[in-house]
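The values are calculated or read from the model by the stated rules, or taken from the named source; none is laboratory data. As the structure is a computational prediction, the values presented were derived from the model and not from experiment. A quick note on method: Cβ atoms are made from the backbone with ideal geometry, for glycine too, and the neighbour counts reach across all protein chains shown. Please note that ligands, DNA and RNA were not included when accessible areas were found on the heavy atoms of the full protein model with its side chains. Shrake-Rupley method; radii C 1.70, N 1.55, O 1.52, S 1.80 Å.
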Amino acid sequence: MTKQKIEISIVVPIYNEEENVALLHESISNVMEKMNKRYEIIMVDDGSSDTTLTVLKQRQKNDPYLKVIKFRGNFGQSAAMAAGFEAAQGKYVVAMDGDLQNDPEDIPMLLNKLEEGYDVVSGWRKNRKDKLILRKVPSKIANRLICSVTGVELHDTGCSLKAFRREIIKRIRLYGELHRFIPALARLEGAKITEVVVNHHERKYGESKYNITRTFRVIMDLTSLNLFIKYLRNPLRFFGTLALFSLLLAGFTTVWAGVVLAQNNFEPTSINILTTLIFLLMVTMFQFIFIGLLATLIVHTGKKKSFYLIESYQ
Ligand code: UDP
Ligand code: MG
C-alpha cells in the first residue's frame, strides 16, 4: 500500500480549532477510505495557541496518512494553504476549512468533476449557514466585485472547499488574502474552471477568525491582484505606456518651443526653460523603458520566496 503513489491530497489550514480537528479528521478519513484511493491529509497548524497540535499528534498515532505541518507563528490562512499545497503529492489536491463548516462528504463529487477534465472545481455554498448582515451580504458584494475584476464568473469564490489538478495549484503563489482569488489566479494559468453546489454547516465549535475588517483587506488584495493580472506578465507594457506618455509630452513641448521661438525672432534664450523640459522628458522616457526592462527581468528570473516559516513536519 505505501509504495502506491498518492492520488489525492486533502489540505486543511487550522488555527485554534481544538474542538474541531478530531471530528474533522475522522470524517475526512471515513470519506477517503470509501473512495479506495491512496490519499494523504495535510493539516497545517497555523501557530495555534490552544491544544490543536496535541490533538493532531494524538490522531497521527493511528493514522499514517495524516501529515502535520507546524508553523512558527500565525501567518494566516493563505500562507497555511500555500504550505499545504507545496507539500501535497497527490495528482488531485482538495482544500477545505478546518472548522467543520465544509462537508468532507462533498469531496468525491468535486473529484469526479476533475476526472471529467476540469482543472479547478470550486464549491458553491448555495445554502450558506452564516450570519446574514455580517457575513453573507459583504461576501455577496465582494463576490460580485471579484467576478467583475477578474472575469471569472463564480457564485461563491470565497468558499474554501475546492479541488485542483496538481499542475495548476503548484503554480499559484498565495499571500495576503489571496486564497480567495485562487480561481482567478488559476485562470491566468489557463485552467478550466467549474463550480458545484456543496453543503455548508454552521460553526458549532470555536470562533470565526475573521471580522468585518476582512472585507477591506480583501478589497485591497483585489486591487493588487488587478494590477498583477494586467501587468505582472509583461511589466514593459505598463512602463512602456508611461514612456510613450513622456515622449508625447516631449513632442508637444518641442512644438510649443518652436512657436515661442518664432514669436521671439528666433532668439535662442527665449526657450531656455522649454529646452530643459524637453531634455528632462526624454530622460524620463528612457528611465521608464529601462525600469520596464528591469522589471521584466525580475519577473522572469525572480526566485520564489515563501511567506511563512515552518517549524516542523510531522
Ligand atoms: N485559519 C487559519 N489561519 C488564520 C485564520 C484562519 O489557518 O489566521 C483557518 C481556520 O482555522 C479555518 C479556516 O482557516 O480552518 C477558515 O477560517 P474561519 O472558519 O475562521 O473563516 P470563516 O469561515 O469565518 O470565513
Ligand atoms: Mg469557517
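Brief remarks follow.
- Estimated distance in nm for a label pair at GLN89 and SER208, the labels positioned 7 Å out from Cα along Cα-to-Cβ: 3.8 nm
- Distance in nm between pseudo-label sites at MET35 and LEU244 (7 Å out along the Cβ direction from Cα): 4.8 nm
- What separates the Cα centres of the range 150-172 and the range 1-36 is a distance of 20 Å.
- Residue-level accessible surface for HIS300, protein heavy atoms, 1.4 Å, Å²: 120 Å²
- Ranked order, TRP124, TRP256 - accessible area, probe 1.4 Å, largest first: TRP256, TRP124
- Per residue, the convex hull around the alpha carbon atoms of the chain comes to 162 Å³.
- Membrane-span-like helices in the chain (whole DSSP H runs, Cα extent of at least 30 Å along the helix axis, mean Kyte-Doolittle hydropathy of at least 1.6): 272-301.
- Note on exposure: LEU188, LEU294 ranked by accessible area (1.4 Å probe, complete protein assembly) read LEU294, LEU188, with the most exposed listed first.
- LYS61 accessible area, assembled protein chains, probe 1.4 Å, Å²: 150 Å²
- GLU26-GLU153 pseudo-label distance in nm [points 7 Å out on the Cα-to-Cβ vector]: 4.3 nm
- Rounded to the nearest 0.05, the FRET efficiency derived from the C-beta distance between GLN287 and ARG173 at R0 = 41 Å is 0.90.
- Whole-number percent relative contact order across the range 159-249, with pairs defined as alpha carbons under 8 Å at least 6 apart: 26 percent
- Residues of the range 188-204 with an amide N closer than 16 Å to a point placed 7 Å from the Cα of ILE133 along the Cα-to-Cβ direction: none.
- Stretching VAL299 away from TYR313 to a fully extended chain increases their span by 2.0 nm, per 0.36 nm per residue minus the current alpha-carbon distance.
- For TYR231, TYR39, the ranking by accessible surface with the largest value first comes to TYR231, TYR39, using a 1.4 Å probe.
- With contacts taken as Cα pairs under 8 Å at a separation of at least 6 residues, the chain carries a relative contact order of 20 percent.
- In order through the range 160-172: 3J(HN,Hα) via Karplus (6.51 cos²θ - 1.76 cosθ + 1.60), integer Hz, x for Gly, Pro: 6, 6, 8, 10, 9, 6, 4, 3, 6, 5, 5, 8, 9
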